[in-house]
Amino acid sequence: MPALLDHVVLAGPDLAQAVELVERATGVRAAPGGAHPTGTANALIAFTRGGERVRQYLEVIGPDPASGRSADETAAFGIARLDAPAVASWAIRPTDLDAAVAGARAADVAIKDVEPLSRRTPDGGELAWRLARPVDERQPPFLIDWGSTPHPGLGDIPVLELVGLRRLARSPGEEEARLAALGVETGVGPDAVAVVPAEADGFEVEVRVGDRTVVLR
């Protein structure tokens, strides 16, 4: 998993269904995270590495039941196209978000402008951050800067041990070059994302549950 990793996104057309899928696979139930103005809501599980809490987490996201918006109306993370929950994206946290966006654009990686976003927490608070999305959201990562907001991965939420993140790619060489332009290390190593040749593009995140590992796709 890349050192810059902030969080992995598992999206679904129904949030409760997505939370249940993760719980069935891992035995860990994601804690309610909050609602976004865009009509989505999430639940969170913090990642540990070597048993230690880190600024990394799993975000389970779907349409906000309270918003009245259907999955078909929810464009975020391709939810409108999903028939079932799936690992849909991931985020990196560069040291300097604006510089990272400029560097990516200089390397011909298409990134949208930085935008401010926020969500309401279950206790009525607000989390705010800055985000830069890829022009093609099927080609993450997106870039995030939490500023002075407390990092969600360090909150009072359940935990899972993160083993690795894999990018399945039809064109692995091109994908490695694109990730390198974003400052992401690829290959083999504790701080690298593995780019794996595959017939279809996708993502896998591997977590440890007791004495076994579980792969979420």
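The values are calculated or read from the model by the stated rules, or taken from the named source; none is laboratory data. Just so it is clear, the structure is predicted and the values come from calculations on it, not from any experiment. FYI the Cβ positions are ideal-geometry reconstructions off the backbone, even for glycines, and counts take in every protein chain you see. To get the accessible areas, we keep the full protein, side chains included, count just its heavy atoms, and leave off ligands, DNA and RNA. Shrake-Rupley method; radii C 1.70, N 1.55, O 1.52, S 1.80 Å.
Cβ-Cβ distances below 7 Å connect the following pairs, each with a first residue in the range 25-39 that is under 23 Å from VAL215 (Cβ atoms), a second residue that is loosely packed, with under 15 Cβ neighbours inside 10 Å and not polar (S, T, N, Q), and a separation of six or more residues or different chains: THR26/VAL209; GLY27/VAL209.
Scoring ALA132 on the criteria (1) under 17 Å from HIS36 (Cβ atoms); (2) among the aliphatic types (A, V, I, L, M); (3) open to solvent by 20 Å² or more (accessible area, probe 1.4 Å) leaves a single failure, condition (3).
Of note, VAL205 does not satisfy the criterion of being among the β-branched types (Val, Ile, Thr), in contact (Cβ under 8 Å) with a residue 12 or more places away in the chain and open to solvent by 60 Å² or more (accessible area, probe 1.4 Å). When LEU131 is tested against (1) under 22 Å from GLY78 (Cα atoms); (2) among the hydrophobic types (A, V, I, L, M, F, W, C); (3) assigned to a helix (DSSP H, G or I), only condition (3) is not met. Checking the range 19-29 against the condition returns no match, with no residue being outside any helix (DSSP H, G or I) and open to solvent by less than 10 Å² (accessible area, probe 1.4 Å).
Applying a threshold of 8 Å to beta carbon distances and a minimum spacing of six or more residues, or different chains, the list of pairs starting in the range 78-100 at a residue that is assigned to a loop (DSSP other than H, G, I, E, B) and ending at one that is hydroxyl-bearing (Ser, Thr, Tyr) is empty.
Take the conditions (1) out of contact with any helix residue (DSSP H, G or I) (no Cβ under 7 Å at 6 or more places or on another chain); (2) open to solvent by 60 Å² or more (accessible area, probe 1.4 Å); (3) within 20 Å of TRP146 (Cα to Cα); THR38 misses just one of them, which is (1). Out of the residues in the range 157-187 that are assigned to a loop (DSSP other than H, G, I, E, B) and in contact (Cβ under 8 Å) with a residue 24 or more places away in the chain, which is surrounded by the fewest Cβ atoms within 10 Å (Cβ to Cβ)? Looking at the filtered set, the residue picked out is ARG170.
Scanning the range 99-129 for residues that are on the phi < 0 side of the Ramachandran plot and open to solvent by 80 Å² or more (accessible area, probe 1.4 Å) yields ARG105, ALA106, LYS112, ASP113, PRO116, ARG120, PRO122, ASP123, GLU126. One residue alone among ALA84, ALA11, ALA76 is among the hydrophobic types (A, V, I, L, M, F, W, C) and surrounded by fewer than 15 Cβ atoms within 10 Å (Cβ to Cβ), and that residue is ALA84.
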